[in-house]
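Student: Here you go, one structure.
The values are calculated or read from the model by the stated rules, or taken from the named source; none is laboratory data. Source: prediction; values computed, not measured. Here the Cβ positions follow ideal geometry from the backbone for every residue, glycine too, while neighbour counts run over all protein chains shown. Only protein heavy atoms, including side chains, enter the accessible area calculation; ligands, DNA and RNA are left aside. Shrake-Rupley method; radii C 1.70, N 1.55, O 1.52, S 1.80 Å.
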Amino acid sequence: MDGFLLDARFGFLGARPADDDLSLEVQGWRQARSAGTTTLWIRGDLQVRDLAGGWVVGELFERGTGRPAAIAPDALQSPDLGIQGQCERLARGFWGRYVAVFPADRAVFRDPSGHLDALVWHSPTAWIVGSDLPDDLPASALPRTLEIDWATIADMLGDENAMGGRLALRGLEALRPGALRTFTNTPIDRVVWDPSAFAVDPHPSYEASRRAVLAAVDESLMAESASGEVLLAEISGGLDSAIVASTLVKLGAGERTRFVHYHIDDPGGDERRFAHAVAERIGVPLMKIVKPELRIDEAALRDMPVGARASNNALDRHYDQSQVDLVRALGARRILTGQGGDMVFYESPSEKIGTEVWGRWARRPGADPAWRQMEDAARWNRGSTWSLIGEAVRETFRRPRRDLGQHPWLDRPVAPAKRRQISNLIHLQPLFNGASRRGREAQLVHPLLNQPVLEATLAAPVIDLARGGRGRSLARDAFEDRIPELVRARRSKGDLTAYYGRMVLRSLPTLRPFLLEGRLAAQGVLDVKGLEEGLDPDRMIHAGNYPRLYEIIAIEAFVRYWEGRAASALASGARGGEPRRSASQGKTSP
């Protein structure tokens, strides 16, 4: 698994034991760069590029071309800009999956897409930034404190939008995407990339929005296919995966991309005819894999990959392992998905959209006459035109309010529907990259969440994205000549609720004790009575909230794993650095 560790040993933290370097090398790490008291360790195939006063770790592409950046890009060799200017130039002229490191200034910048994590912790001897917290680190490189933050866990259980927020671990912190962190006695964060900056400077017309989104997706997929390696991409039958697949073929990467479709033997969730239509339209063979009827057993829960954030990315064990088997058999090193399309192209109705027609956020000229836009928006929200106009008027006179602890991306006033899009980005961006087997086996990439696509869609008013009162309407229009009409015109997705519902019902003998007698219940943060009622088979068949249940399962697995890691680390330290248990051994059994 690729990863990096930035070990910044500052004078006031003392010296690090000399034998730690050897310990890291034994675990497969290598020193990629060193300057003063800062050492950069790399494991895997991560690239390192030089810039003035520092390094860029990870993948970096030139803006507007999709080409990989040079090893030492000329545009990043201007020390007179200072680190803030360097990061601004980096965010404007390049994009990718990276962190920028400035050892002399003791600073780190994380790229806006959030694909590559940047976790921060304070060890006994250093500030350390890493893409993960590996379980094979020497004791002196572990966090001084590592324990569950139960208040955050309670927030996650009380609000399903809180899972992508702050980490639920004390002693470990995540640098926000687009933020510059300067490490001092009191670390300072500065916002370099802000999505609201694009929202308040919209494209001048609908046609401009359309062209920008089309160009951004092309650039994103051009970069992802630039290496010439074998790719694996899923064609689910939905709009977003069809856009990714058809763009790959249009850009000439179709012959070295293997396309796969997963289906179930259930009329309500069988997407094969849509996937076949996409494959036929773009002229590619399609591997078809039937999803078996599943059961979640103790082994699946015990071995579920867990990262620094609770995530249910690996709960569908068959899908996760199948993708691992495919990349191994095909020799693929990159898995491309259509995830994030619902968010960036804007799928869900919003009653706040009227402010972009009549309110202070209205752009002139509009894509259509104002009266038609309001009619379409009202139809989309299943309400009246007057209710949307009333909301627009109220919003015009509503004073902006900043909530305590609010995310910096929400500081600037933007159109309410656009604010919702930014809020979804805050909460969902970390979850798309949650721990999984496939993500540890190959580079798991979500092209629709790359920086060029984010910026193009953020600058498109929601009234453009949902033109005609239809979710993802602009995307349907922009890629009309690439995808079949059957997929472009469809208004619903295949429903897998029954399939996953059967999986849960089969798994109740394992899930009931796992949850009702688990760590969340023991700590009093779980509504045990409510969950017990929700796990009643008859009730689940008629009103089961399966997505929320999967989140609760993921949170319970997260807590058990990290409590095991923390206990293992403490035991290792007490024994003077004896070998610690592996991640799987450190978990508490369900």
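Student: With respect to residue 236, determine if the residue is polar (S, T, N, Q) and not in a loop (DSSP other than H, G, I, E, B).
Tutor: Working: polar (S, T, N, Q): yes; not in a loop (DSSP other than H, G, I, E, B): no.
Considered against the rule, which asks whether it is polar (S, T, N, Q) and not in a loop (DSSP other than H, G, I, E, B), residue 236 comes out as no.
Student: Just checking, which of 111, 155, 149 is crowded, with 19+ Cβ neighbours inside 10 Å and modelled with pLDDT of 90 or more? So that I can check it myself, show each step before the final result.
Tutor: On the way: 155 fails: crowded, with 19+ Cβ neighbours inside 10 Å; 149 fails: crowded, with 19+ Cβ neighbours inside 10 Å.
Selected residue: 111, the only one of 111, 155, 149 that is crowded, with 19+ Cβ neighbours inside 10 Å and modelled with pLDDT of 90 or more.
Student: Out of 168, 212, 245, 162, I need the residue that is under 30 Å from residue 100 (Cβ atoms), open to solvent by less than 20 Å² (accessible area, probe 1.4 Å) and hydrophobic (A, V, I, L, M, F, W, C). Which one? Break it down into steps so the answer makes sense when it comes.
Tutor: Numbers: 212 fails: open to solvent by less than 20 Å² (accessible area, probe 1.4 Å); 245 fails: under 30 Å from residue 100 (Cβ atoms); 162 fails: open to solvent by less than 20 Å² (accessible area, probe 1.4 Å).
It is 168.
Student: Given the structure, is residue 35 out of contact with any Leu (no Cβ under 8 Å at 6 or more places or on another chain) and modelled with pLDDT of 85 or more?
Tutor: Working: out of contact with any Leu (no Cβ under 8 Å at 6 or more places or on another chain): yes; modelled with pLDDT of 85 or more: yes.
When the stated conditions are applied, residue 35 passes them.
Student: Still on this structure, please answer the following. Report yes if residue 512 is more than 24 Å from residue 298 (Cβ to Cβ) and in a helix (DSSP H, G or I), otherwise no.
Tutor: Numbers: more than 24 Å from residue 298 (Cβ to Cβ): no; in a helix (DSSP H, G or I): yes.
Against the criterion (more than 24 Å from residue 298 (Cβ to Cβ) and in a helix (DSSP H, G or I)), residue 512 does not qualify.
Student: Still on this structure: Closer than 30 Å to residue 306 by Cβ and either assigned to a loop (DSSP other than H, G, I, E, B) or of a type in the set (A, V, I, L, M, F, W, C) (or both), is that true of residue 406?
Tutor: On the way: closer than 30 Å to residue 306 by Cβ: yes; either assigned to a loop (DSSP other than H, G, I, E, B) or of a type in the set (A, V, I, L, M, F, W, C) (or both): yes.
So residue 406 fits the description; yes.
Student: Exactly one condition in (1) open to solvent by less than 30 Å² (accessible area, probe 1.4 Å); (2) under 18 Å from residue 301 (Cβ atoms) is not met by residue 505; state its number.
Tutor: Answer for residue 505: the failing condition is (1).
Student: Under 9 Å by Cβ, and 6 or more places apart or on different chains, what pairs join a residue from the range 487-498 that is open to solvent by less than 40 Å² (accessible area, probe 1.4 Å) with one that is modelled with pLDDT under 75?
Tutor: 494/268
Student: Provide a single number: the residues in the range 43-59 that are touching a residue at least 40 places away in the same chain (Cβ under 8 Å) and either more than 20 Å from residue 180 (Cβ to Cβ) or assigned to a loop (DSSP other than H, G, I, E, B) (or both).
Tutor: Adding up the residues that qualify gives 5.
Student: Of the numbered conditions (1) outside any loop (DSSP other than H, G, I, E, B); (2) touching a residue at least 12 places away in the same chain (Cβ under 8 Å), residue 208 fails exactly one; give the number of that condition.
Tutor: Failed condition: (2).
Student: From the list 104, 118, exactly one residue is closer than 30 Å to residue 448 by Cβ and among the small types (Gly, Ala, Ser). Which is it? Steps first, please.
Tutor: Values: 104 fails: closer than 30 Å to residue 448 by Cβ.
118 is the lone residue from the list that is closer than 30 Å to residue 448 by Cβ and among the small types (Gly, Ala, Ser).
Student: Which pairs have Cβ atoms under 7 Å, sit 6 or more apart or on different chains, and link a residue in the range 60-74 that is under 17 Å from residue 221 (Cβ atoms) and among the hydrophobic types (A, V, I, L, M, F, W, C) to one that is outside any strand (DSSP E or B) and open to solvent by 50 Å² or more (accessible area, probe 1.4 Å)?
Tutor: 61/67
Student: With the checklist (1) among the small types (Gly, Ala, Ser); (2) at pLDDT 95 or above; (3) open to solvent by 30 Å² or more (accessible area, probe 1.4 Å) in hand, flag the one item residue 205 doesn't pass.
Tutor: It fails just one condition, (2).
Student: OK, next. Being in contact with a helix residue (DSSP H, G or I) (Cβ under 7 Å, 6 or more places away or on another chain), part of a helix (DSSP H, G or I), modelled with pLDDT of 90 or more and under 30 Å from residue 263 (Cα atoms), is that true of even one residue in the range 515-526? Steps first, please.
Tutor: The initial filter retains those residues of the range 515-526 that are in contact with a helix residue (DSSP H, G or I) (Cβ under 7 Å, 6 or more places away or on another chain), namely 515-516, 518-521, 523, 525-526.
Checking the rest, the ones that are also part of a helix (DSSP H, G or I) come to 515-516, 519-521.
Filter once more, so that each one left must be modelled with pLDDT of 90 or more: 515-516, 519-521.
From the residues that got through so far, the ones that are under 30 Å from residue 263 (Cα atoms) too are 515.
Yes: one or more hits.
Student: Turning to a different aspect of this structure: Among the residues of the range 171-193, count how many are surrounded by fewer than 19 Cβ atoms within 10 Å (Cβ to Cβ) and either in a helix (DSSP H, G or I) or within 20 Å of the chain's Cα centre (by Cα) (or both).
Tutor: The qualifying residues number 1.
Student: I'm told residue 439 meets every condition in (1) open to solvent by less than 60 Å² (accessible area, probe 1.4 Å); (2) out of contact with any helix residue (DSSP H, G or I) (no Cβ under 8 Å at 6 or more places or on another chain); (3) at pLDDT below 90; (4) in a helix (DSSP H, G or I) except one. Can you identify the failing condition by its number?
Tutor: All conditions pass for residue 439, except number (3).
Student: Continuing with the same structure: Can you find a residue in the range 66-84 that is at pLDDT 90 or above, in contact with a Lys or Arg (Cβ under 6 Å, 6 or more places away or on another chain) and more than 29 Å from residue 124 (Cα to Cα)?
Tutor: Scanning the range 66-84 turns up no residue that is at pLDDT 90 or above, in contact with a Lys or Arg (Cβ under 6 Å, 6 or more places away or on another chain) and more than 29 Å from residue 124 (Cα to Cα).
Student: Follow-up. Would you confirm, using the coordinates I've provided, whether residue 140 is in contact with a helix residue (DSSP H, G or I) (Cβ under 8 Å, 6 or more places away or on another chain), surrounded by fewer than 20 Cβ atoms within 10 Å (Cβ to Cβ) and modelled with pLDDT under 90? Outline the logic, then answer.
Tutor: Working: in contact with a helix residue (DSSP H, G or I) (Cβ under 8 Å, 6 or more places away or on another chain): yes; surrounded by fewer than 20 Cβ atoms within 10 Å (Cβ to Cβ): yes; modelled with pLDDT under 90: yes.
Considered against the rule, which asks whether it is in contact with a helix residue (DSSP H, G or I) (Cβ under 8 Å, 6 or more places away or on another chain), surrounded by fewer than 20 Cβ atoms within 10 Å (Cβ to Cβ) and modelled with pLDDT under 90, residue 140 comes out as yes.
Student: Considering only the range 47-98, state which residues are buried (at least 18 other Cβ atoms within 10 Å of the Cβ) and of a type in the set (Val, Ile, Thr).
Tutor: Within the range 47-98, 56, 57, 83 qualify.
Student: Do we have residue 453 as under 30 Å from residue 209 (Cα atoms), aliphatic (A, V, I, L, M) and part of a helix (DSSP H, G or I) here? Walk me through how you get there before you give the answer.
Tutor: Working: under 30 Å from residue 209 (Cα atoms): yes; aliphatic (A, V, I, L, M): yes; part of a helix (DSSP H, G or I): yes.
Against the criterion (under 30 Å from residue 209 (Cα atoms), aliphatic (A, V, I, L, M) and part of a helix (DSSP H, G or I)), residue 453 qualifies.
Student: For the range 295-346, which positions are among the hydroxyl-bearing types (Ser, Thr, Tyr), open to solvent by less than 30 Å² (accessible area, probe 1.4 Å) and either touching a Cys at 6+ places or on another chain (Cβ under 8 Å) or in a helix (DSSP H, G or I) (or both)? Give the steps one after another, and end with the answer.
Tutor: First, pick out the residues of the range 295-346 that are among the hydroxyl-bearing types (Ser, Thr, Tyr): 311, 319, 322, 337, 346.
Retained after the next criterion (residues that are open to solvent by less than 30 Å² (accessible area, probe 1.4 Å)): 311, 322, 337, 346.
Listed by number, the list holds a single entry, 322.
Student: When you scan the range 539-548, do you find a residue that is more than 19 Å from residue 496 (Cβ to Cβ), open to solvent by 20 Å² or more (accessible area, probe 1.4 Å), in contact (Cβ under 8 Å) with a residue 12 or more places away in the chain and assigned to a helix (DSSP H, G or I), even just one? Can you show your working first?
Tutor: Here is the first cut: in the range 539-548, the ones more than 19 Å from residue 496 (Cβ to Cβ) are 539.
Okay, now just the ones that are also open to solvent by 20 Å² or more (accessible area, probe 1.4 Å), so 539.
Now narrow it down to the ones that are in contact (Cβ under 8 Å) with a residue 12 or more places away in the chain: none.
There is no residue in the range 539-548 that is more than 19 Å from residue 496 (Cβ to Cβ), open to solvent by 20 Å² or more (accessible area, probe 1.4 Å), in contact (Cβ under 8 Å) with a residue 12 or more places away in the chain and assigned to a helix (DSSP H, G or I).
Student: Also: Scan the range 218-229 and tell me whether some residue there is among the acidic types (Asp, Glu), within 19 Å of the chain's Cα centre (by Cα), surrounded by 23 or more Cβ atoms within 10 Å (Cβ to Cβ) and closer than 27 Å to residue 480 by Cα. I'd like the intermediate steps shown before the answer.
Tutor: Start the filter on the range 218-229 by keeping residues that are among the acidic types (Asp, Glu), which leaves 218-219, 224, 229.
Adding the requirement that they be within 19 Å of the chain's Cα centre (by Cα) leaves 224.
Filter once more, so that each one left must be surrounded by 23 or more Cβ atoms within 10 Å (Cβ to Cβ): 224.
Keeping just the survivors that are closer than 27 Å to residue 480 by Cα gives 224.
Yes, the range 218-229 has at least one match.
Student: Where in the range 70-161 are there strands (runs of 3 or more DSSP E), lying fully within it, with 1 or more residues that are small (Gly, Ala, Ser)? Give the steps one after another, and end with the answer.
Tutor: On the way: elements: 94-102, 107-110, 119-122, 127-130.
So the answer is 94-102, 107-110, 127-130.
Student: For the range 254-267, indicate whether the set of residues that are among the small types (Gly, Ala, Ser), touching an Asp or Glu at 6+ places or on another chain (Cβ under 8 Å) and open to solvent by less than 50 Å² (accessible area, probe 1.4 Å) is non-empty.
Tutor: If we filter the range 254-267 for residues that are among the small types (Gly, Ala, Ser), which is where we start, we get 254.
Checking the rest, the ones that are also touching an Asp or Glu at 6+ places or on another chain (Cβ under 8 Å) come to none.
Scanning the range 254-267 turns up no residue that is among the small types (Gly, Ala, Ser), touching an Asp or Glu at 6+ places or on another chain (Cβ under 8 Å) and open to solvent by less than 50 Å² (accessible area, probe 1.4 Å).
Student: Determine which single condition residue 451 fails, assuming it passes every other condition in (1) over 28 Å from residue 306 (Cβ atoms); (2) crowded, with 21+ Cβ neighbours inside 10 Å.
Tutor: Residue 451 satisfies every listed condition except (1).
Student: Sticking with this structure for a sec: Take the range 347-369 and flag every residue that is open to solvent by less than 30 Å² (accessible area, probe 1.4 Å), assigned to a helix (DSSP H, G or I) and not hydroxyl-bearing (Ser, Thr, Tyr).
Tutor: If the condition is that a residue be open to solvent by less than 30 Å² (accessible area, probe 1.4 Å), assigned to a helix (DSSP H, G or I) and not hydroxyl-bearing (Ser, Thr, Tyr), then 353, 354, 356 are the ones that fit.
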